[in-house]
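So the structure is just underneath, and the comments pick up after that.
The values are calculated or read from the model by the stated rules, or taken from the named source; none is laboratory data. Owing to the predicted nature of the structure, the values given are computational and were not obtained by experimental measurement. Cβ: placed from backbone, ideal geometry, glycine included. Neighbour counts: every protein chain shown. Only protein heavy atoms, including side chains, enter the accessible area calculation; ligands, DNA and RNA are left aside. Shrake-Rupley method; radii C 1.70, N 1.55, O 1.52, S 1.80 Å.
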Amino acid sequence: MRRRAWLTLGAVLIGGGGVVTYATASPSDGSGAPGQDRRPVEVYGLALKGTAAGERKLPRTETEQFSLVGVSWTGALKPLEGTAQVRARGLESGEWGAWQDLELNAAPPEEVEAGMRGASQPLWVGPSDGVEARVVHEDGTTGALPKGLEVNLVDPGVVTEAETRLDAPEPAAFVMDESPSPSPSPEPTAPPSTVPQPPVTSRAGWGADESKSPDPSEYNPDVKAVFVHHTDGANDYDCAESASIVRGIYAYHTEVEGWNDIGYNFLVDKCGTVFEGRKGGMDRPVLGAHTYGFNRESAGIAVLGTHVSGAASTAALTSVARVTAWKLGQYGADPAGTVQLTAGATQPNYFHTQFTAGEQYTFRRVSGHRDGFNTQCPGDALYAQLPTVRTWAAGPVDGLRIASLTDATAKGSTYYTKGTPVVRWAATTPAALVKTYDVLVDGQAVAATSGAGYAKRITLTPGTHTVTVRATHQSGAVSTAAPLTVVAETTAPVFTAAPTLGLRTGTVYTGSAPVTLRWKATDDQALRQVRLLTPQAATFSAAAYLSSRTARPGTASSWSMRAYDYAGNHRDAAATYTPVVLQESAAVRTGSWSARSSSSYLGGRSYSSSSKGASLTWTFTGRSAAWVVSRASSSGQAYVYVDGVKAATVDLRSSATSYRQAIWTKTWSANARHTVKIVVVGTSGRPTITTDGLVYIR
């Protein structure tokens, strides 16, 4: 029986002067008062009346609380020509929502019985207390609309203690029941599946009133295909409301459309919770009423919400794939394959394919409602996601790849490690559809995790190895990630030349002298980098072997370096050096020299001479030396002798005047006693040279 509220008749003017009668609902009893802890499911019908002009209308109406709305009419197989729209007033906000189209081409039953009605898809609008509806011909013609048009309102109520717990925000609070619902008869049997059954909220868990479905269940011989649907309605529902939405759809199918049960075999919310639909045993091939013409060989799974433009969530798709794999796995069917289905009705589908009753047609094992019936369901967005559902349900694991190798470093396509790297992987197939992951080294499994795993530490013996990850889908299908070449080694790099310091040309200051740092490091596998640790910090590439630095005169400094290989092994090397400044006054002089004072000179003083043959000689023990001078456009030339042997002729001439310039340098392989002698050449027209002194390193 369809429960109704009392109707109060009134009238309203519409465009053109026509009069439309309408109805408002008054409470039929006190059971619908909002805020009660326990409230039964209620269904109300409001008549849509109008003129012969082909328009029906229900103005804004005060009603009892409801959350789901649709329109229905006399004649289960009679289509409704026109556009049906509704809008509701929020119970808490008191605001009217936007007009929403109703999906009118919902699947009718394959066997029409007395009392069944044609109906739109029910629309979930959330707790509301007011409704407005209208139905008009799309082309503006005046043909009559079907008789018995009603707006149907469903209050899903609060019916069980279990649902009181569903008010918590986390979907984990749902009552999960992995055992099948009892069947009224032992036939047909429930064959085992090739994949595990996912958790399912039983009919008792979502609060099904079994008195609304007194007829015994009917069964198909098997399940050859799965048709995916959407239920229509808002997508912004809270997952704690999902059981209420399912109850509302159940009441709409049974009390509004006159069916003997909810049409779908399973329903899935956006959080991935699966709800048992039609009674009779979720593991049995229960005959549903979801895809007109093809119910006899299939199961129907509906995703709560509208997915015309908005895609279904990953959680919802995962659960659809899990249910699909389980149901088809009971009959050895590949979710990625195709099948021949026998049409139970003569009709076209959404794509204008004409079916003839009794003929066979090819379908994908996982199809959309629109593949079998002329409807937009499951919406363009969800329909476009069906290839993903097929892939996830059938296997193998898709998108498997090694995401990273921790405690290892890549050089090109090869990774280097000390021997205990962490392998991390990723896949696009959800973990719930993966049975196991195995890490393979040189083709042998060395570590394993469940489908929820994503990382594993392994141990490698020294040498070169091939490392990969193998995924086993719940169907048994196997896929393997692209392998990595991994070298395990523990040998540290070697400094074939320890850090050495030599003076270079440049400007000398009291606190710094220009120097060149040199080194040489190698590795038995692959050198990664060399770092300078002290007295400064710097990082160099494996190919580098020198660096221009500065050193502080008069200070002994340890030049410490560390060489790393790609595996992370390292070795240190260090040497201590002290730059020393020898002023010009420390030299042995011959010939005529004059002293000069200026803050521009090193130490504030210098010697100058234009006498040909005049000389300065410094003696020191060290491994590198640099002669420091002043330069100008009038500066002349000088000979440089090292340990009594002429080493160079140096021209001090410069277009720009500069001071404290290390103009000539020499470095030896080791510390030793040396003499450096400077002799004035007496260059014609510019005989003068000015010297600041000598810097050496020991």
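Taking the range 229-255 as the range and being among the charged types (D, E, K, R), open to solvent by 10 Å² or more (accessible area, probe 1.4 Å) and in contact (Cβ under 8 Å) with a residue 40 or more places away in the chain as the test, the residues that pass are Asp232, Asp238, Glu241, Glu255.
Can you tell me which residue within the range 499-552, out of those that are among the β-branched types (Val, Ile, Thr) and within 23 Å of Ala410 (Cα to Cα), is most open to solvent (accessible area, probe 1.4 Å)?
Taking the range 499-552 as the starting set, the residues that turn out to be among the β-branched types (Val, Ile, Thr) are 500, 505, 507-508, 510, 515-516, 522, 530, 534, 539, 550.
When the remaining residues are screened for being within 23 Å of Ala410 (Cα to Cα), the result is 522, 530, 539.
On the way: Thr522: 56, Val530: 1, Thr539: 87 Å².
If we take residues in the range 499-552 being among the β-branched types (Val, Ile, Thr) and within 23 Å of Ala410 (Cα to Cα), then Thr539 is most open to solvent (accessible area, probe 1.4 Å).
Counting the residues of the range 335-379 that are within 18 Å of Val308 (Cβ to Cβ) and surrounded by fewer than 13 Cβ atoms within 10 Å (Cβ to Cβ) gives 1.
Here Ser367 meets the list (1) out of contact with any Pro (no Cβ under 8 Å at 6 or more places or on another chain); (2) hydroxyl-bearing (Ser, Thr, Tyr); (3) part of a helix (DSSP H, G or I) almost entirely, failing just condition (3).
Given the criterion in contact with a strand residue (DSSP E or B) (Cβ under 6 Å, 6 or more places away or on another chain), part of a loop (DSSP other than H, G, I, E, B) and either among the small types (Gly, Ala, Ser) or closer than 20 Å to Ser67 by Cβ (or both), identify the matching residue among Gly288, Gly344, Gly272.
On the way: Gly344 fails: in contact with a strand residue (DSSP E or B) (Cβ under 6 Å, 6 or more places away or on another chain); Gly272 fails: in contact with a strand residue (DSSP E or B) (Cβ under 6 Å, 6 or more places away or on another chain).
On inspection, the qualifying residue turns out to be Gly288.
If you take just the strands (runs of 3 or more DSSP E) that sit entirely in the range 584-627, which of them hold at least 1 residues that are under 18 Å from Val650 (Cα atoms) and more than 60 Å from the chain's Cα centre (by Cα)? Reasoning before the result, please.
Details: elements: 588-590, 594-597, 605-609.
It comes to 605-609.
With respect to (1) touching a strand residue (DSSP E or B) at 6+ places or on another chain (Cβ under 7 Å); (2) at pLDDT below 65; (3) more than 30 Å from Lys224 (Cα to Cα), the lone exception for Gly140 is condition (1). Does Ser413 fit the bill of being of a type in the set (Ser, Thr, Tyr) and either touching a helix residue (DSSP H, G or I) at 6+ places or on another chain (Cβ under 7 Å) or over 26 Å from Gly329 (Cα atoms) (or both)? Yes, satisfied.
Listed residues Leu532, Leu527; which is farther than 22 Å from Arg623 by Cβ and under 46 Å from the mean Cα position of the chain (by Cα)? Before you say what the answer is, go through the steps one by one.
Numbers: Leu532 fails: farther than 22 Å from Arg623 by Cβ.
After ruling out the rest, the residue left standing is Leu527.
Restricting the range 212-228 to residues that are of a type in the set (S, T, N, Q) and open to solvent by less than 10 Å² (accessible area, probe 1.4 Å), the residue that is nearest to Pro40 (Cα to Cα) is Ser213. Evaluating Val228 against the criteria (1) within 19 Å of Lys279 (Cβ to Cβ); (2) under 32 Å from the mean Cα position of the chain (by Cα) leaves one unmet condition, (1). Candidates Ala393, Ala432: the one that is open to solvent by less than 20 Å² (accessible area, probe 1.4 Å) and outside any strand (DSSP E or B) is Ala393.
Among the residues of the range 20-40, is any assigned to a strand (DSSP E or B), modelled with pLDDT of 60 or more and under 21 Å from Ser244 (Cα atoms)?
Here is the first cut: in the range 20-40, the residues assigned to a strand (DSSP E or B) are 20-26, 39.
Retained after the next criterion (residues that are modelled with pLDDT of 60 or more): 39.
Those left that are additionally under 21 Å from Ser244 (Cα atoms): 39.
There is at least one residue in the range 20-40 that is assigned to a strand (DSSP E or B), modelled with pLDDT of 60 or more and under 21 Å from Ser244 (Cα atoms).
Of all residues in the range 606-617, those that are more than 15 Å from Glu584 (Cβ to Cβ) and basic (Lys, Arg) have Cβ atoms under 8 Å from Cβ atoms of residues that are open to solvent by less than 40 Å² (accessible area, probe 1.4 Å) and not in a loop (DSSP other than H, G, I, E, B), 6 or more apart or on another chain, in Lys612/Val680.
Looking across the range 471-498, the residues that are surrounded by fewer than 19 Cβ atoms within 10 Å (Cβ to Cβ), farther than 30 Å from Thr576 by Cα and not small (Gly, Ala, Ser) come down to Val478, Thr480, Pro483, Thr485. Screening Asn374 on (1) out of contact with any Ser or Thr (no Cβ under 9 Å at 6 or more places or on another chain); (2) of a type outside the set (A, V, I, L, M); (3) free of Cβ contacts under 8 Å to residues at least 40 places away in the same chain; (4) assigned to a loop (DSSP other than H, G, I, E, B) shows it passes everything except condition (3).
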